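**Q** Before we start, here is the structure in question, set down as C-alpha cells.
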Amino acid sequence: MHRRLRALCWVGLFSGVFFASCVARRDKPFVRQTDDDAGPQAPIDLDSGAPDVSPDALEIAPHTVLGVDPPHGPHAGGTLVMIRGNGFDSSARVWLGDVEVDSARVTPVDPQRLQVLTPAGEAGAVDVRVQLGDDESTSSALTGGYTYDRFYATPASGPTSGGTVITVKGESTDWDEDTQVEIDRKPCVGVDVLSPNELTCTTPPAEAGAKVLSLITGDGEREDVLDGFLYGNSDNGFRGGLSGQPLAQQLTVLAFDNLEGAAIPGVSVLVGDDVASGQLAKTDQNGVANFSGELGPMRSVTLAIECFQPVTFIDVDVDHVTAFLDPVLSPDCGSLGELPPGGGTPGLGSSVTGEVLWPPDGELRRRGWSNVPEPISDDEKRVAYVFRLNDRADEELSIPSAGNAITPEAMGSVGYKFYQSTNPGNFTLYALAGLEDRSRSPAKFTAYAMGILRGVAVKPGRTSEEVFIQVDVPLDHALTLSLDPPARSARGPDRVRASVAIQVEDQGFALLPNGISEKTLPGGNAFSFVGVPPLVGSLAGTSYVLGARAVTGPGGGLPLSVIGSYRTTNTSSTLDLGGFVPLPLLVTPAEGTRWDMRVLELEQSAAGQRVDLTIVHVLGGAGLYDWTIVAPGPRDRLALPDLAQLGAGFPVGSLAIQATLAHIEDETFHYGSLRYRQLESRGWNAYASDVFFTQH
C-alpha cells in the first residue's frame, strides 16, 4: 500500500511579487470509495469569477509567517531553509514544533526573510513559529509549515554513474531483511540492514537531478521522500569496499566500472593466494560472482580482467566485497569508448548566488566590514572570498583570482554580492574577509574574519539563489602544537610542514590563509599559528584539526610521513601530536632487481603510530597500469596471485612499487567495514609512503 505525499499550496501577492509555497504532508492510505460510502463531494469551482485584489484582500498582518522553502527535510536537521513572512527583525527567534532554533543558525535577512538551518526533530509535520525576542504579541505561526522526513540518506548526493554506498537512517522504523530501497523507482542494490532504523545500499545509475528515495517493507508498503537523493557529477560518496557478516561458507563479490558505474561481466575473481589452491570464477552479466564452501575465517580476493586495473584485498574476513575497477586508459583498450574531451566527467554547470553580510546592529542595520581593519596603503584592499570545504585538512589555501573577489563596491540588498560556479550536491560554504595586496608576488591575503553556512543544496544545471553567509567570527586566537621529529634516512624526509584547519562535522575542512608553517629537519618540533577563529557563532560545533607532514624537498615529495586529523577545541594549551607513522621499507624485491610479482616483503623504519592498513600500488607501463593491493594492519609478507592466469598480465619492463602504511584514528574501524575512501589519504588520520623501483 502506498503512502502518498499531499502538497498544500497557496499563492499570494507579497511586496509586489507573486509567490507560491507548498507544504508536503503525508495523507492516509488511499481508500477506494464503495457504494456504502457517502456520495462524492461537489467539485470545487476554480473559475468562480475575478480574484479579489482590493487593498483589504492584499493586506498582510504586521507579524506573520507565510511560507517555508524547501518545505521538508531530514529528521536529523541540517537543511537550509528560507522562511518568508512579515515583521522580522534582528531579534527574531524561530521554533520548529517545540524546538527553538539556535540563534547562531538564524540569519535575519530583511523584514520579509529569515534564513534558518533546521535543528533535529521528530518525523512529521510541525508548526513554524517566529517571535521577536520575548515579545509574545509578535508571535506568528504557520501550521504544519515544515515536515521532517521519517528517513534520509547520507551522503545525500552522488554521481550519475551510481555506485555510492549510502546509509539510510530512519526514525521509529522497523526495517528487516525483506526491506527494499529504491531511488527514482530503481532498486538500490546490496541492501544491508544494520538495525531496524539503519541500512546501507549502493545507488543505481540515474540522470542528473533530485530523485525520490523510497523504502518498501516486506508486505509491500511504500514510503517516499521527495528529493531524497541528488545525482550530480561531482561527489564520489563512500564507494565500494568490504561489508557483511563474518566470512564462513558464502562470499559475494561485485565488480563495477569506476568510470561509468556499470557492472562488469567476465571479471576473473580468485578467492585464495593462487589458482591451484583457491576458487576461481567469473562475474555474471550483473557483475556478481558467488562462492561457497569452507571459506572462513579469512581469504584473499583478487579481481582482474583485461583493460581494467586489478585489485587484491588480502585476508578478507567478511562475506561481501564490492570493487570499483579503474579502466586502463590505453589505445589498446579502445572498446572503452571515447574519453571526455579535456578529461574529467561532463555534466551540467551549477552555481550559487547570494550575499556575504555582517551581523545586524539594532533592527536590521548592517555594519559591513566592521571586523576588517581599514587599508593602510593604496595597494591594500578590503576583500572577501567564498570557498567550498576541502577534502583534506593539510593543504594550502589557494586564493582565487582577483575577478572572484567580493569588495565593498559589490552592494547587494543587505550585504555584498557573490557568484560561484560549483559542482552540484549538498555542501557547506565558508567566507573569509580581510585585506589583500596584489602588488606583491605572490599576492598576500590576510583574513580577519570568517563565517560558515551549512546545508547548501545545488541541483545539476541550476542556480541556488538567496544564499546568505554571515561573517560573524573574528580570526583573533592563537594555537600552538608540538611533535616528535620523524626518523630520517639518507633519502629523507628533510623538513616538516605543520597545518591547522577547521573541521565541519563530517563534511570537510575550512582552510585558513595562515594554516601552513614549515621548518627544516633536524629540529622543527614546535609550531605556532596566529589568527585562527574561536569556535563560536556559525563555527559552533566545529573543531580544529592539526597535522604535520615530514616531506622531502621543497616540492614535498617522497619519502614522507604525515600526521593529520588531530582534533581539539582548545587554544589555551599546546597540543602534543606525538610521533609519526614509520616509513615502509621494501625488502623483497630488492630495488633494481627483477621481480616475479608473487611475494612482497616489507619492514618499518622505526617505532611510531599504530598501522591499521597497508596499501601497495604496483605501477607499470610508465604508470598506465596500477595493481592495488590492500591488507589489514602492518604486514611483513604479502602472497600474491599470478595475474597472467587471471587474464590480466602486466607489461614487461620497469615497475614502481609505492607502499603506504596508514593509521586510522577511529576506534570503531574494522577491516571488514573498509570503504574505498579509506584507500586514499582523505580516509586516513596519519600515514607514511615511499616508492621503490624494480623490473618485471
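The values are calculated or read from the model by the stated rules, or taken from the named source; none is laboratory data. What you see is a predicted model; the values in this text were computed from it and never measured. Every residue, glycine as well, gets a Cβ built from its backbone with ideal geometry; the counts of neighbours run over all protein chains shown. Please note that ligands, DNA and RNA were not included when accessible areas were found on the heavy atoms of the full protein model with its side chains. Shrake-Rupley method; radii C 1.70, N 1.55, O 1.52, S 1.80 Å.
**Q** Checking residue 628 against (1) of a type in the set (S, T, N, Q); (2) part of a strand (DSSP E or B); (3) at pLDDT below 90, which single condition isn't satisfied?
**A** For residue 628, the failing item is (3).
**Q** For residue 69, work out the one condition from (1) farther than 30 Å from residue 325 by Cα; (2) touching a Gly at 6+ places or on another chain (Cβ under 9 Å) it doesn't fulfil.
**A** (2)
**Q** On to the next question. Please tell me if residue 93 is among the basic types (Lys, Arg) and either open to solvent by less than 30 Å² (accessible area, probe 1.4 Å) or at pLDDT 95 or above (or both). First the steps, then the outcome.
**A** Working: among the basic types (Lys, Arg): yes; either open to solvent by less than 30 Å² (accessible area, probe 1.4 Å) or at pLDDT 95 or above (or both): yes.
Considered against the rule, which asks whether it is among the basic types (Lys, Arg) and either open to solvent by less than 30 Å² (accessible area, probe 1.4 Å) or at pLDDT 95 or above (or both), residue 93 comes out as yes.
**Q** Looking at region 256-314, what strands (runs of 3 or more DSSP E) fall wholly within it and have at least 1 residues that are of a type in the set (Lys, Arg) and open to solvent by 30 Å² or more (accessible area, probe 1.4 Å)? Break it down into steps so the answer makes sense when it comes.
**A** Details: elements: 268-271, 279-282, 288-292, 299-304.
Ranges flagged: 279-282, 299-304.
**Q** Can you name the number of the only condition in (1) surrounded by fewer than 19 Cβ atoms within 10 Å (Cβ to Cβ); (2) touching a residue at least 24 places away in the same chain (Cβ under 8 Å) that residue 175 fails?
**A** All conditions pass for residue 175, except number (1).
**Q** Of all residues in region 646-663, how many are out of contact with any Ser or Thr (no Cβ under 9 Å at 6 or more places or on another chain), touching a residue at least 12 places away in the same chain (Cβ under 8 Å) and assigned to a loop (DSSP other than H, G, I, E, B)?
**A** Residues of region 646-663 out of contact with any Ser or Thr (no Cβ under 9 Å at 6 or more places or on another chain): 649-653, 663.
Next, only the ones that are touching a residue at least 12 places away in the same chain (Cβ under 8 Å) stay: 650-653, 663.
Add one more test, that the residue is assigned to a loop (DSSP other than H, G, I, E, B), and what stays is 650-653.
So the count comes out to 4.
**Q** Please name all residue pairs, on different chains or six or more residues apart, with Cβ atoms under 7 Å, provided the first residue is in region 255-284 and is without any contact (Cβ under 8 Å) to a residue 24 or more places away in the chain and the second residue is among the charged types (D, E, K, R) and part of a loop (DSSP other than H, G, I, E, B).
**A** Matching pairs, first to second residue: 265/284.
**Q** Only one of (1) outside any strand (DSSP E or B); (2) open to solvent by less than 20 Å² (accessible area, probe 1.4 Å) fails for residue 669. Which number is that?
**A** (2)
**Q** Right, here's the next one. Are there any pairs with C-beta distances below 7 angstrom linking a residue in region 62-75 that is of a type in the set (Ser, Thr, Tyr) to a residue that is open to solvent by less than 30 Å² (accessible area, probe 1.4 Å), with the two at least 6 apart or on different chains, and if so which?
**A** 64/85; 64/87; 64/140
**Q** Going by the conditions given, is residue 684 open to solvent by less than 20 Å² (accessible area, probe 1.4 Å) and not polar (S, T, N, Q)? Talk me through it step by step, then tell me what you get.
**A** Details: open to solvent by less than 20 Å² (accessible area, probe 1.4 Å): no; not polar (S, T, N, Q): yes.
In short, no.
Results for (1) in contact (Cβ under 8 Å) with a residue 40 or more places away in the chain; (2) outside any loop (DSSP other than H, G, I, E, B); (3) more than 22 Å from residue 400 (Cβ to Cβ); (4) in contact with a strand residue (DSSP E or B) (Cβ under 7 Å, 6 or more places away or on another chain), shown as yes or no for each residue.
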{"residue": "502", "(1), (2), (3), (4)": "yes, yes, no, yes"}
{"residue": "517", "(1), (2), (3), (4)": "no, yes, yes, yes"}
{"residue": "522", "(1), (2), (3), (4)": "no, no, yes, no"}
{"residue": "538", "(1), (2), (3), (4)": "yes, yes, no, yes"}
{"residue": "548", "(1), (2), (3), (4)": "yes, yes, yes, yes"}
{"residue": "555", "(1), (2), (3), (4)": "no, no, yes, no"}
{"residue": "559", "(1), (2), (3), (4)": "yes, yes, yes, yes"}
{"residue": "562", "(1), (2), (3), (4)": "yes, yes, yes, yes"}
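**Q** What residue, of 347, 334, is part of a loop (DSSP other than H, G, I, E, B), at pLDDT below 90 and either small (Gly, Ala, Ser) or open to solvent by 30 Å² or more (accessible area, probe 1.4 Å) (or both)? Spell out the reasoning first.
**A** On the way: 334 fails: part of a loop (DSSP other than H, G, I, E, B).
Going through 347, 334 in turn, just one is part of a loop (DSSP other than H, G, I, E, B), at pLDDT below 90 and either small (Gly, Ala, Ser) or open to solvent by 30 Å² or more (accessible area, probe 1.4 Å) (or both): 347.
**Q** Continuing with the same structure: Select from region 564-610 the residues that are at pLDDT 90 or above, in contact with a Gly (Cβ under 9 Å, 6 or more places away or on another chain) and either assigned to a strand (DSSP E or B) or β-branched (Val, Ile, Thr) (or both) and list them in ascending order.
**A** If the condition is that a residue be at pLDDT 90 or above, in contact with a Gly (Cβ under 9 Å, 6 or more places away or on another chain) and either assigned to a strand (DSSP E or B) or β-branched (Val, Ile, Thr) (or both), then 581 is the only one that fits.
**Q** Related question: Output the residues belonging to region 636-657 that are open to solvent by 60 Å² or more (accessible area, probe 1.4 Å) and within 20 Å of residue 590 (Cβ to Cβ). Before the answer, list the steps.
**A** Of region 636-657, the ones open to solvent by 60 Å² or more (accessible area, probe 1.4 Å) are 636-637, 644-645, 652, 654.
Answer for region 636-657, where residues must be open to solvent by 60 Å² or more (accessible area, probe 1.4 Å) and within 20 Å of residue 590 (Cβ to Cβ): 636, 637, 652, 654.
**Q** Shifting gears a bit: For region 143-166, how many residues are open to solvent by 30 Å² or more (accessible area, probe 1.4 Å), assigned to a strand (DSSP E or B) and touching an Asp or Glu at 6+ places or on another chain (Cβ under 9 Å)?
**A** The qualifying residues number 2.
**Q** Hey, can you tell me all the residues within region 409-427 that are open to solvent by less than 80 Å² (accessible area, probe 1.4 Å) and modelled with pLDDT of 95 or more?
**A** Residues satisfying the conditions are 416, 418.
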